[in-house]
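Worksheet for the structure shown next.
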Amino acid sequence: MEKLRKEFPVLRNGIYANTAVYGPMYESLLDWRQEHDLDFLIHGSDMRSKALQVISETRDTVGRFFNCDRERVALVNNFSIALNMLLEGLNPKKKVLLLKGDYPSLNWAFENRDFDIEYVQMTYDLEDVIYDLIAKKGIDVLALSLVQWVDGFSIDRAFLKRLKIDFPNLLIVADGTQFCGSASFDFDASGIDVLGASAYKWLLAGYGNGFMLFSDEISKNVNLRTIGFNAANGDFEKKNKIRFAKLFEPGHLSSLNFGSLKFSMDYFVKIGMDAITFHNQQLAEKAKAAFLQLGLLDEKFSRRIGHSSIFNIKVDNEVYRKLESNSVHCAQRGDGVRLSFHFYNNEKDIDDIVKILKTTR
């Protein structure tokens, strides 16, 4: 992974531990974006057919990347808009289970409607608590982030698969914004009914692009009313024959934005998602061990085996300013400072952060 670091100029300015806020631009993507806009500048509307091809190829790429048939892939500007569209078509009598403190755009979308909502606290045995609540409360929909935005708590994805087997009528809606791109993922084998993500974080694709992936069963539970000419591919005869996923694309899509998503996914494939997964896991294990030793992580994480590469360390404003003054790109979230590591980070980054933290104790 070391040779890839030169692609990211921001790394020359310090330690970039802030992918959970924004995935940095890299040089080869910038080159592609500049060439794209130059084509538009020179060729104008003659570029339309090429732009439509880019959108189609992006749909194929997303499907292959996550193992989901292209017909069940929706290209969306961001997860928040797509989730609100989805919930407009979901029966409001559904009983929904949410996690307290989950990402606001996820929870608010349900809370702003008339669903019957139950909540579960984030605990070390979260999966057991979720299972019991679903069994006892007759939950219809479980909606949660695969990785929690504040502290990197990672749901056991094998648990979600087992959950779907034991409760086949349960709809599982997942936000993958803080996960997708950080590790390999097989959607069709996951048990998840809806997986959505904005792609400007771990997929490094910039703002204005994301996706929704759907199981075969979801269209039986959701009655969407959104529609537009683009959803019918500009064909008057197809107004009443629009497939479910395309109803999330009523208007035109940007070939620059979604071409960036395709480019980044292709870039990740060239690196190798298995290699990225392994590297990020190694970083996560090292960081977790170091931060636990310093007593900087919430106690529940000492009782869990796995963790993402996002951490919230229990430090104050003075330590945050110390990290910033030492050119560590990070963010204040919740009651601490959030650090997040991706494949362009290395173990030295973690060692250097630990040295800084030790000087503040």
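The values are calculated or read from the model by the stated rules, or taken from the named source; none is laboratory data. Values in this document were obtained by computation on a predicted structure and should not be read as measured data. Neighbour counts run over all protein chains shown; Cβ positions are idealised from the backbone, glycine included. Heads up: the accessible areas ignore ligands, DNA and RNA and are worked out on the full protein's heavy atoms, side chains in. Shrake-Rupley method; radii C 1.70, N 1.55, O 1.52, S 1.80 Å.
At a glance:
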| quantity | calculated |
| --- | --- |
| Which listed residue is touching a Gly at 6+ places or on another chain (Cβ under 8 Å) and surrounded by 12 or more Cβ atoms within 10 Å (Cβ to Cβ), from Arg59, Arg70 | Arg70 |
| Region 138-158, residues that are among the aromatic types (Phe, Trp, Tyr) and open to solvent by 10 Å² or more (accessible area, probe 1.4 Å) | Trp149 |
| Residue satisfying condition, being open to solvent by less than 50 Å² (accessible area, probe 1.4 Å) and in contact (Cβ under 8 Å) with a residue 60 or more places away in the chain, within set Ala109, Ala82 | Ala82 |
| Yes/no for Gly14 being on the phi > 0 side of the Ramachandran plot and either at pLDDT 95 or above or of a type in the set (S, T, N, Q) (or both) | yes |
| Residue within region 159-168 that is modelled with pLDDT of 95 or more and within 18 Å of the chain's Cα centre (by Cα) present | yes |
| Which listed residue is farther than 19 Å from Phe179 by Cα, modelled with pLDDT of 95 or more and more than 21 Å from the chain's Cα centre (by Cα), from Phe244, Phe236 | Phe244 |
| Residue in region 251-260 that is part of a loop (DSSP other than H, G, I, E, B) and over 21 Å from the mean Cα position of the chain (by Cα) present | yes |
| Some residue of region 84-93 being more than 22 Å from Ala183 (Cα to Cα) and in contact with an Asp or Glu (Cβ under 6 Å, 6 or more places away or on another chain) | yes |
| Filter result (open to solvent by 30 Å² or more (accessible area, probe 1.4 Å) and touching a strand residue (DSSP E or B) at 6+ places or on another chain (Cβ under 7 Å)) within region 223-266 | Phe244, Leu253 |
| Candidates Ser302, Ser308, filtered to the one that is assigned to a helix (DSSP H, G or I) and of a type in the set (S, T, N, Q) | Ser302 |
| Selected residue (only one of Lys314, Lys300 is in contact with a Phe, Trp or Tyr (Cβ under 7 Å, 6 or more places away or on another chain) and over 28 Å from Glu2 (Cβ atoms)) | Lys300 |
| Those residues of region 159-194 which are in contact with a His (Cβ under 9 Å, 6 or more places away or on another chain) and either open to solvent by 10 Å² or more (accessible area, probe 1.4 Å) or over 28 Å from Asn312 (Cβ atoms) (or both), in sequence order | Ser182 |
| Enumeration of residues in region 12-28 that are surrounded by fewer than 19 Cβ atoms within 10 Å (Cβ to Cβ) and either of a type in the set (A, V, I, L, M, F, W, C) or part of a helix (DSSP H, G or I) (or both) | Arg12, Asn13, Val21, Met25, Glu27, Ser28 |
| Members of region 213-222 that are open to solvent by 30 Å² or more (accessible area, probe 1.4 Å) and either at pLDDT 95 or above or part of a helix (DSSP H, G or I) (or both) | Ser219, Lys220 |
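Okay, residues lined up against (1) out of contact with any Lys or Arg (no Cβ under 6 Å at 6 or more places or on another chain); (2) open to solvent by less than 70 Å² (accessible area, probe 1.4 Å); (3) at pLDDT 95 or above:
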| position | (1), (2), (3) |
| --- | --- |
| Thr277 | yes, yes, yes |
| Leu292 | yes, yes, yes |
| Leu296 | no, yes, yes |
| Lys322 | yes, no, yes |
| Ser327 | yes, yes, yes |
| Ser340 | yes, yes, yes |
| Phe343 | yes, yes, yes |
